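One structure below.
The values are calculated or read from the model by the stated rules, or taken from the named source; none is laboratory data. Keep in mind the model is a prediction, meaning the values are calculated, not measured. With ideal geometry, Cβ positions are generated from the backbone for all residues, glycine too; neighbour counts draw on all protein chains shown.
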Number of protein chains: 2
Amino acid sequence: MRKILLTLIILVSSAAFLSAQRPSVISPEVHPDNSVTFRFYARNAKSVSLDTEILPAPVKMTKDDSGVWSITIPPAKPDIYPYSFWVDSMEVNDPNNTYLFPNEGFKHSLVDIKGDKPLVHSLQNVPHGKVSYRTYTTAQGIAGTLVIYTPPGFDAKGTTRYPVLYLIHGGSDTEETWTKVGKANLIADNLIAQGKVKPMIIVMPYANTGLMMQKAFGNDMINNIIPFIEANYPVLTDRNNRAMAGFSVGGGATLNIGLMNLDKFAYVCAYAPYTQTPEFNANFGKWDPDVENYNKQLKLFTIYTGESDQYRQIIDRTIAIYEDKKFNLETMFVPGGHTWMNCRLFLATTLPQLFK
Amino acid sequence: MRKILLTLIILVSSAAFLSAQRPSVISPEVHPDNSVTFRFYARNAKSVSLDTEILPAPVKMTKDDSGVWSITIPPAKPDIYPYSFWVDSMEVNDPNNTYLFPNEGFKHSLVDIKGDKPLVHSLQNVPHGKVSYRTYTTAQGIAGTLVIYTPPGFDAKGTTRYPVLYLIHGGSDTEETWTKVGKANLIADNLIAQGKVKPMIIVMPYANTGLMMQKAFGNDMINNIIPFIEANYPVLTDRNNRAMAGFSVGGGATLNIGLMNLDKFAYVCAYAPYTQTPEFNANFGKWDPDVENYNKQLKLFTIYTGESDQYRQIIDRTIAIYEDKKFNLETMFVPGGHTWMNCRLFLATTLPQLFK
């Protein structure tokens, strides 16, 4: 829809609204057969490649007489994929695509291949929850940011009290990545509408995912974030109604915080956890837990990963720590790598298992 | 803070988390005297310039031996400024800066020069309202997006009922531009804390700002957006408690919708309104209004603009339409152009005048 509107703007008044240096380029263009054309204007570039998680490696684009480079890639499985352009030696996002991947380390664009049937993360015609941005005060006395999903029909002052999932992003992601890329809100909307998921609040903090900062973030979770949520939302405050999940460095944080605070969490779900951190070594290096008690108290303890995840060795060693100790750990291995396509699948697998 | 964390990540484990092709570059770096260093890695580029709204024209950057281009610009007035890099003939945003300008037509980065004293748009230690993302159903039956500010202490189910400002973005902006660039939420937080502004709800729709689409957006405002807000929030529903403001094409929309629906709005505030649209011509080309009635009913009717706004001629002609007819129009002319620095100033000027 926005593409159509943008095209209209261009047709009506291109001089007034768009820089004269930039021709009107549509990119990405998803075709009915799920093939996609990517276009990029760079008249003087020597080489432009498309780097997308749809394909295993970057592919060269070709330039037309107007200086627009393009490539059409074969039909892809419907999903949302990150991509960027390599222009000579420089990586850039797609200037013609509004849909960006929120991240502090890279700036990728996203292409949404919707397909014919609605996906678990698609915007569907179901009741929608609300996504709110709020600030709380961190241990350092500065404002921290939380993105908070409240389910459809959420009643802030009513008698209903909700369970809470604390959902942590990956290294260099931001508090927006789980909604804007992970579509946590739409996945919850859709599964709640299908009656498969209990209405819950999902709290997505900016998680200071620096490897040295994990201890600080853990303290912040326990001392500031959870108390903020419990003071401001009608939530159930027993451990059976509190879950934690996270991806990559956030998956490592989930193991650290979840397992070291068994009195607070009954559900601990790590997605492709990155655990090469001082905090993880301090917690689990010489760990001698009461496994029987853990197995009794943890209602769900999962580690999921893509089979070809770039951190697969680390993840396998992490799984071994818990399996060697006979934890009731559920593992799942799915095709693909350290991707947000898999994060959405992991979350959609976890949500129906929470708070039952 | 994030910069520090990111630096820590880089120090600890650059190979694991950042592409090997990209050196660790800090950009922008705001110095204590409010000068700013911008850096950009592009080993093979022939020429890189900084294009920023701080300076009147792009300035050339210089390359060091590691392929990093940089420039330090003189101390600037504290504010938030858009900027981009021109790399040979191509405009790109800053890959090392997470803070982006939400826009469908360009992708600028933002540099926040905070200065010594808190500004009206700064994050201050005051009670904070909430920014929520919600969907409603448009006239076309598709999901439209609203960003909604609710003030500190907002009580969804209580006895307090709130006035509402409908605040519209500019051409090619998105529903996020008024918060992420315009800082409407922080401006409201700060002025409410100072007792200068009445607690209110601010509704920032995705406004279909295509020039041909203004009529559709106007219908959507009246038939879908306002009813959605009134069904879902505790708001005052009389015209004296409903205001509309907007920037650029959204300023034109404000004049169209606000003045054509006098029964709905008592406050109509246009910021640098762009009015070269079929809708505006249809409404005001041969307009013969009951001016006395308008002047009686409008509690505030303003057109503000930068003195050197690129649409200044159009804006002056627009002002003349109303001044020639003896409307009680308040105008304000401030230094600068068609910028969001001015939008923040305009909004901070408007808010204390609403709902008094």
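See the values below:
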item: Residues that are hydrophobic (A, V, I, L, M, F, W, C) and in a strand (DSSP E or B), drawn from the stretch B:113-155; result: B:Ile113, B:Val131, B:Ala143, B:Leu146, B:Val147, B:Ile148
item: Boolean, A:Ala282 is more than 30 Å from A:Gly141 (Cβ to Cβ), in the same structural domain as A:Arg161 (by TED's automatic domain parsing) and over 19 Å from the mean Cα position of the chain (by Cα); result: no
item: A:Asp155 being more than 22 Å from the chain's Cα centre (by Cα) and either of a type in the set (Ser, Thr, Tyr) or assigned by TED's automatic domain parsing to the domain that holds A:Phe247 (or both); result: yes
item: Within the stretch A:317-343, considering residues that are closer than 18 Å to A:Phe280 by Cβ and in a loop (DSSP other than H, G, I, E, B), the one farthest from the chain's Cα centre (by Cα); result: A:Lys325
item: Among the candidates B:Asn224, B:Asn240, residue that is surrounded by fewer than 17 Cβ atoms within 10 Å (Cβ to Cβ), polar (S, T, N, Q) and assigned by TED's automatic domain parsing to the domain that holds B:Tyr274; result: B:Asn240
item: Complete set of residues in the stretch B:334-347 that are closer than 13 Å to B:Ala270 by Cα and either in contact with a Leu (Cβ under 6 Å, 6 or more places away or on another chain) or loosely packed, with under 15 Cβ neighbours inside 10 Å (or both); result: none
item: Criterion (surrounded by fewer than 18 Cβ atoms within 10 Å (Cβ to Cβ), assigned to a loop (DSSP other than H, G, I, E, B) and either over 14 Å from the mean Cα position of the chain (by Cα) or not acidic (Asp, Glu) (or both)) met by exactly one of A:Thr160, A:Thr98; result: A:Thr160
item: Residue match in the stretch B:172-181 (condition: part of a helix (DSSP H, G or I), more than 9 Å from chain A (Cβ to nearest Cβ) and either surrounded by fewer than 17 Cβ atoms within 10 Å (Cβ to Cβ) or not basic (Lys, Arg) (or both)); result: yes
item: Every residue from the stretch A:72-81 that is within 26 Å of A:Arg43 (Cβ to Cβ) and buried (at least 18 other Cβ atoms within 10 Å of the Cβ); result: A:Ile73
item: Members of the stretch A:62-91 that are free of Cβ contacts under 8 Å to residues at least 40 places away in the same chain and within 14 Å of another protein chain (Cβ to nearest Cβ); result: A:Lys63, A:Trp69, A:Ser84, A:Trp86, A:Ser89, A:Met90
item: Counted residues, the stretch A:106-123 - those being over 15 Å from the mean Cα position of the chain (by Cα) and facing chain B (nearest Cβ under 9 Å); result: 1
item: Residue that is basic (Lys, Arg) and either within 14 Å of another protein chain (Cβ to nearest Cβ) or not in a helix (DSSP H, G or I) (or both), where the choices are A:Lys296, A:Lys286; result: A:Lys286
item: Cβ pairs under 9 Å, 6+ apart, first in the stretch A:169-194 and in contact (Cβ under 8 Å) with a residue 40 or more places away in the chain and small (Gly, Ala, Ser), second surrounded by fewer than 23 Cβ atoms within 10 Å (Cβ to Cβ) and part of a helix (DSSP H, G or I); result: A:Gly171/A:Leu211; A:Gly171/B:Ser13; A:Gly171/B:Ala16; A:Gly171/B:Phe17; A:Ser172/B:Leu6; A:Ser172/B:Phe17; A:Gly182/A:Arg344; A:Ala184/A:Arg344
item: Of the criteria (1) under 22 Å from the mean Cα position of the chain (by Cα); (2) within 25 Å of A:Tyr271 (Cβ to Cβ); (3) aromatic (Phe, Trp, Tyr), which one A:Phe85 fails; result: (2)
item: Within the stretch A:181-240, considering residues that are hydroxyl-bearing (Ser, Thr, Tyr) and within 30 Å of A:Tyr81 (Cα to Cα), the one modelled with the lowest pLDDT; result: A:Thr209
item: Filtered residues of the stretch B:195-220 (kept if under 13 Å from the mean Cα position of the chain (by Cα) and free of Cβ contacts under 8 Å to residues at least 60 places away in the same chain); result: B:Ile202, B:Val203, B:Met204, B:Ala207
item: Qualifying residue in the stretch B:253-262 (condition: assigned to a loop (DSSP other than H, G, I, E, B), under 24 Å from B:Tyr304 (Cα atoms) and modelled with pLDDT of 95 or more); result: yes
item: Search result, residues across the stretch A:312-325 that are out of contact with any Asp or Glu (no Cβ under 9 Å at 6 or more places or on another chain) and within 17 Å of A:Cys269 (Cα to Cα); result: A:Arg312, A:Ile314, A:Asp316, A:Arg317, A:Thr318, A:Ile319, A:Ala320, A:Ile321, A:Tyr322, A:Glu323
item: Residue among B:Thr350, B:Thr331, B:Thr318, B:Thr302 that is of a type in the set (Ser, Thr, Tyr) and surrounded by fewer than 17 Cβ atoms within 10 Å (Cβ to Cβ); result: B:Thr331
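Okay, residues lined up against (1) among the aromatic types (Phe, Trp, Tyr); (2) closer than 29 Å to A:Glu53 by Cα; (3) surrounded by fewer than 17 Cβ atoms within 10 Å (Cβ to Cβ):
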| site | (1), (2), (3) |
| --- | --- |
| A:His108 | no, yes, no |
| A:Lys114 | no, yes, yes |
| A:Leu119 | no, yes, no |
| A:Arg134 | no, no, no |
| A:Thr137 | no, no, yes |
| A:Gln140 | no, no, yes |
| A:Gly144 | no, no, no |
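Rundown of residues vs (1) at the interface with chain A (Cβ under 10 Å from one of its Cβ atoms); (2) part of a loop (DSSP other than H, G, I, E, B); (3) modelled with pLDDT under 95; (4) within 28 Å of B:Lys117 (Cα to Cα), yes/no style:
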{"site": "B:Ala15", "(1), (2), (3), (4)": "no, no, yes, no"}
{"site": "B:Gln21", "(1), (2), (3), (4)": "yes, yes, yes, no"}
{"site": "B:Ser27", "(1), (2), (3), (4)": "no, yes, no, yes"}
{"site": "B:Asn34", "(1), (2), (3), (4)": "no, yes, no, yes"}
{"site": "B:Arg39", "(1), (2), (3), (4)": "no, no, no, yes"}
{"site": "B:Asn44", "(1), (2), (3), (4)": "yes, yes, yes, no"}
{"site": "B:Leu50", "(1), (2), (3), (4)": "no, no, no, yes"}
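Rundown of residues vs (1) farther than 29 Å from A:Lys130 by Cβ; (2) not assigned by TED's automatic domain parsing to the domain that holds B:Asp51, yes/no style:
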residue	(1), (2)
B:Val87	yes, no
B:Leu100	no, no
B:Pro118	yes, yes
B:Ala139	no, yes
B:Thr150	no, yes
